[in-house]
Amino acid sequence: MADDTVMQPAYWQIEPSLVTLQLERHVMTAQSPFLLSPDQTGLTRAADILARGGLVSFPTETVYGLGADARNDRAVAAIFAAKGRPSFNPLIVHLGGLVAAQAICDFNDDARRLATAFWPGALTLVLPLRADTGISRLVTAGLDSVAVRVPDHPVAAGLLAAFGGPVAAPSANPSGRISPTTAAHVRDGLGDRIDAVVDGGPCHVGLESTIVSCLGTPTLLRAGGIPAEAIAACLGHTLTTAENPDAPTSPGQLLSHYAPQGQVRLNATQVRPGEVMLGFGPVQGDLTLSANGDLTEAAARLFDCLHQLDAMGAAQIAIAPIPDHGLGRAINDRLKRAAAPR
Ligand code: TXA
Ligand code: MG
């Protein structure tokens, strides 16, 4: 497996505080304070786990993230190990605000304009990494750029404030699987591999952030929770798109991703024998992304519907056509990857 190069260190190779944490991990899974409440007590506990090099999943407005101290190599390596993430696909650094982001990367005019317009929110900016920030080289996969985002969720903001440092966080799912939009999705996918999940209920956007590189001409690296049209409007010109899955500029843009267990057929207007149908608008299904064709609702429900199809044991999945504008573009991006050959 691709992640074999990143292993959890043996207990005797790590600091005493981490041994305690590893031991607590077992106690926690047995007694189940594994799920932390989204109040000050839970956030203080979560921040403490991060400070000691542990892994905490937390809600953002997009999806649940799997957080670690972005300055701690070992903690960041544990993210890759827990997810089985191909080594080394760089991670997004989550920060409490623009000032904290400016401490680790350089903002040009475009980046400043986008951050001012969309932060906190579902926009990730790829920017030049500053020198001597303390950010682990594993976070950036050794690149001289870094992806940064200020999440728009009270629990994420509360955790970042309580921790007081940069938090590296990919989506909290096993690599290649469906992203989590509830604490239960996280527990089902990564339960015994992480220290805790702060349960903040379902994520209201439901799709990962839009990623824009501002290293040169602003370029869309991943469609996501903020429509590309809104970003182009803010910049005052169209956004270059870099979506070539064979040579991904954003290494996470691998073709097979977000995959449910079953085979996926897209743009289906009628169900075939043996298929479970995921509907949208006028195309009815066994379940629907949005009965009245609302793209915002469809985005928020997408990953939960895919998780439900897995839970139903659906082997053949037909999915209704989704209009390819606004959030529909990000939905279609995820669906195309869910349907890609594996
Ligand atoms: O909404 C989100 O963005 C969620 C929540 C938790 O914030 N996070 C998320 O992270 O989706 P992840 O790891 O699943 O996706 C991060 C993406 C990957 O495609 C990665 O390749 C890209 O960001 N990325 C990170 N650093 C980069 C860099 N320096 N240059 C280009 N792409 C980068
Ligand atoms: Mg992901």
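Apply 1/(1 + (r/R0)^6) to the Cβ-Cβ distance of Ala141 and Ala291, taking R0 = 56 Å, and write down the FRET efficiency to the nearest 0.05.
0.85
For the chain, what is the accessible area per residue in Å² when the probe is 1.4 Å?
41 Å²
Decide, for the chain, between rounded, prolate and oblate: order the square roots of the alpha carbon gyration tensor eigenvalues as a ≥ b ≥ c, take rounded if a/c falls under 1.5, and otherwise choose prolate if a/b is larger than b/c, else oblate.
It comes out oblate by the Cα gyration axes.
Once Lys and Arg get +1 and Asp and Glu get -1 on their Cβ, which of Gly165, Gly97, Leu220 lies farthest toward the positive end of the dipole of the chain?
Leu220
Suppose R0 equals 45 Å; then what is the FRET efficiency for Ala161 and Thr241 from their Cβ-Cβ distance, rounded to the nearest 0.05?
0.80
When only the heavy atoms of the protein chains count and the probe is 1.4 Å, how do His237, His204, His153 rank by accessible area, highest first?
So the residues, ranked largest to smallest area, are His204, His237, His153.
Can you compute the FRET efficiency between Ala232 and Ala340 using 1/(1 + (r/R0)^6), with r the Cβ-Cβ distance and R0 = 30 Å? Round to the nearest 0.05.
For Ala232 and Ala340, the calculated efficiency is 0.65.
Return the carbon/sulfur percentage of the accessible area of the range 9-241, one whole number, probe 1.4 Å, all protein chains in place.
The C+S portion of the solvent-accessible surface of the range 9-241 is 55 percent.
The values are calculated or read from the model by the stated rules, or taken from the named source; none is laboratory data. It should be emphasised that the depicted structure is a prediction, and the values quoted were computed from it without experimental measurement. Neighbour counts run over all protein chains shown; Cβ positions are idealised from the backbone, glycine included. These accessible areas exclude ligands, DNA and RNA; they are computed on the full protein's heavy atoms, side chains included. Shrake-Rupley method; radii C 1.70, N 1.55, O 1.52, S 1.80 Å.
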